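One structure below.
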Amino acid sequence: MSTAQKVYTWLDERLGLTGIYNVVLDRKVPKVNWWFTLGSASLFLFVMQGVTGIFLTVYYVPSPDHAYDSIQYIMNGVSFGWLIRGIHHWGATLMVVVVSIHMLRTFYLAAYKYPREVTWLTGVVLFLATLSMGFTGYLLPWNQRAYWATTVGTEIPGTAPLIGPLVTRVLRGGADLSAVTLARFFSVHIWFLPAIIAATIGIHIYLVIRLGISSIPDKDD
Amino acid sequence: MAKSPHLSRREFGAILTAFLGTVIGAVVGLPAIGYIISPALKTQSKEAWVPLGPLDNYPVGVPTLFTFTRTKVNGWEKTVNSYGVYVFRKEGGEIEAFSNLCTHLSCRVTWQAEAGEYICPCHDGHFDTQGEVTFGPPPRPLDKYEFKIEDGNLSILLREA
Ligand code: HEM
Ligand code: FES
């Protein structure tokens, strides 16, 4: 037995690595197609957004005085800053697209039916949280487009009867867009939503593993 | 089973995986490291020649103040520092360029013609035309700038601490 194998055996005996591998990765799946890879693609994109996002916080400053300049600095002053921001920027759009198609595929293949209703429901949370990531992230560059998009975006719930105006004020942290708005969007973008998404992915994937993947319905279903 | 001299399918797979893993690791890892350390590798020049204009602008025998500002860029932040230089042309043609920062606690000294001295408003430090302390708490003479004259134009050498 090689040393690497000995180390692995030692660890496996204590951590049950083979067990994890068998349950998580070596699952039995019905005959499926490429549409079934989109959940894993969503997971990959979430991790990628997380990593590039963490890197962006090294230089980004969520204050009206510095947000715009700090992003200019990331783009022009820091080595590979354009790359990291570019991946985060396009990854955000891609994630919304991939998560949406994943949702459509589980819908069209009726994968949400018994016993997978809760998988679908946690999926709804993931979908809404993913869209909210896009909404909160959009303000952070604090340029004209960001500012006015968020002005309009926070105006929309204001048209709802009774509580509408309150919702707008809560989103903005006051009557107008301000430093308070930028700070809370940043906080929601990097702490609240990622925490919600990570926890919900945990439940979602636990259920996928526990229930197995549904097979493609045939004429008799 | 006797070991075949050829690479087995499994061995080939392992080597290929290790190779691709290394390539991908480098492609992802190196930019990440560069991104984190790059501000540390950029150094701003600590020295600069600052032009003070034609020497003729400075009357002989009267210390004359020249002020300017310089912008320091740190990442996304710009700091504007202001400087004051007293140019003193002596009768004999000799020139001195003094910083107007008091050597006590860095208040700005001003030339007082009646007293014939530089006087600091903060703790009443006095300096004579040579920059020597004549009164008060300042521990050393006024700082002098290195200077040069090219085509009748005066410049001083600014050294950042
Ligand atoms: C961050 C977003 C999401 C991640 C990371 C994710 C991840 C996954 C993964 C890895 C699977 C395994 C099967 C496959 O890949 O097709 C899966 C299955 C599933 N997902 Fe998602 N998902 C996300 C969003 C959603 C959304 C928005 C919905 C619907 C509202 C949804 C509903 C489902 C359902 C019903 C299944 C079970 C499919 C089956 O058993 O055939 N997911 N998800
Ligand atoms: S700072 Fe000038 S005398 Fe104290």
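Quick notes on this structure:
- Model label points for A:Val32 and B:Ser8, set 7 angstrom from Cα along the Cα-to-Cβ axis, are 3.1 nm apart.
- Placing unit charges on the Cβ atoms of the charged side chains and taking the dipole of chain A about its Cα centre, the candidate lying farthest along the positive direction among A:Ala92, A:Ala199, A:Tyr21 is A:Tyr21.
- Once both labels are positioned 7 Å from their Cα atoms along Cα-to-Cβ, the gap between A:Asn22 and A:Ala179 label points is 5.9 nm.
- Between B and A, roughly 1300 Å² of accessible area is buried in total, ligands, DNA and RNA not counted and the probe set to 1.4 Å.
- Computed [θ] at 222 nm, deg cm²/dmol, chain A (DSSP H ≥ 4; -39,500 (n - 2.57); rounded to nearest 500): -21500 deg cm²/dmol
- Of B:Gly61, B:Gly125, B:Gly93, the one that fluctuates the most in a GNM where chain B has Cα springs shorter than 10 Å: B:Gly93
- Surface share of carbon and sulfur [accessible, 1.4 angstrom probe, percent] for region B:18-84: 65 percent
- Residues of region A:45-73 with amide N under 19 Å of a point placed 7 Å along Cα→Cβ from A:Val97: A:45-50
- If you plug the beta carbon distance of A:Ala41 and A:Thr3 into 1/(1 + (r/R0)^6) with R0 = 51 Å, you get a FRET efficiency near 0.90.
- Trypsin sites (Lys or Arg not before Pro) restricted to DSSP loop in region B:1-110 with at most 12 other C-beta within 10 Å: B:Lys3, B:Lys42, B:Lys46, B:Lys90
- Burial of accessible area (probe 1.4 Å, heavy atoms of protein chains only) in region A:75-122, relative to its chain alone, reaches at least 40 Å² for A:Ser79, A:Phe80.
- Spin-label model, A:Ile203 to B:Phe68: label points 7 Å out along the Cα-to-beta-carbon direction sit 6.6 nm apart.
- Placing unit charges on each Cβ (+1 for Lys and Arg, -1 for Asp and Glu) gives region B:49-161 a dipole about its Cα centre, and among B:Pro63, B:Asn153, B:Val50 the Cα reaching farthest toward its positive end belongs to B:Val50.
- Area of A:Val32 that stays accessible when all protein chains are in place (1.4 Å probe, Å², to 10): 50 Å²
- Linear extension gain, A:Ala149 paired with A:Leu121, 0.36 nm per residue minus alpha-carbon span: 7.1 nm
- Peptide A:59-67 shows a mean partner chain C-beta count of 2 within 10 Å per residue C-beta.
- Remark: for residue pairs B:Lys42/B:Lys144; A:Lys31/A:Lys219; B:Lys46/B:Lys148, the C-alpha separation exceeds 27 Å in B:Lys42/B:Lys144.
- Whole-number accessible area per residue in Å² for chain A, which is evaluated in the context of all protein chains at 1.4 Å: 62 Å²
- When each full DSSP H helix of chain A is screened for a Cα extent of at least 30 Å along its own axis and an average Kyte-Doolittle hydropathy of at least -0.5, the helices passing are A:81-108, A:117-139.
- Shape category assigned to the protein assembly as shown from the gyration tensor of Cα positions, a/c cut at 1.5: prolate
- For region B:21-55, a drop of 20 Å² or more in accessible area on going from the chain alone to the assembled protein chains (1.4 Å probe) is found at B:Pro31, B:Ala32, B:Tyr35, B:Ile36, B:Ser38, B:Pro39, B:Lys42.
- Chain B: angle of helix B:9-41 to the longest principal axis, Cα-based, in degrees nearest 10: 10 degrees
- If only the Cβ of Lys and Arg carry +1 and only the Cβ of Asp and Glu carry -1, the dipole of the protein assembly as shown around its Cα centre is close to 2340 debye.
The values are calculated or read from the model by the stated rules, or taken from the named source; none is laboratory data. Small disclaimer: the values here were computed from a predicted structure and weren't measured. Note: ideal-geometry Cβ built from the backbone for every residue, glycine included; neighbour counts use all protein chains shown. The area values use the complete protein model at the heavy-atom level, side chains included, leaving out ligands, DNA and RNA. Shrake-Rupley method; radii C 1.70, N 1.55, O 1.52, S 1.80 Å.
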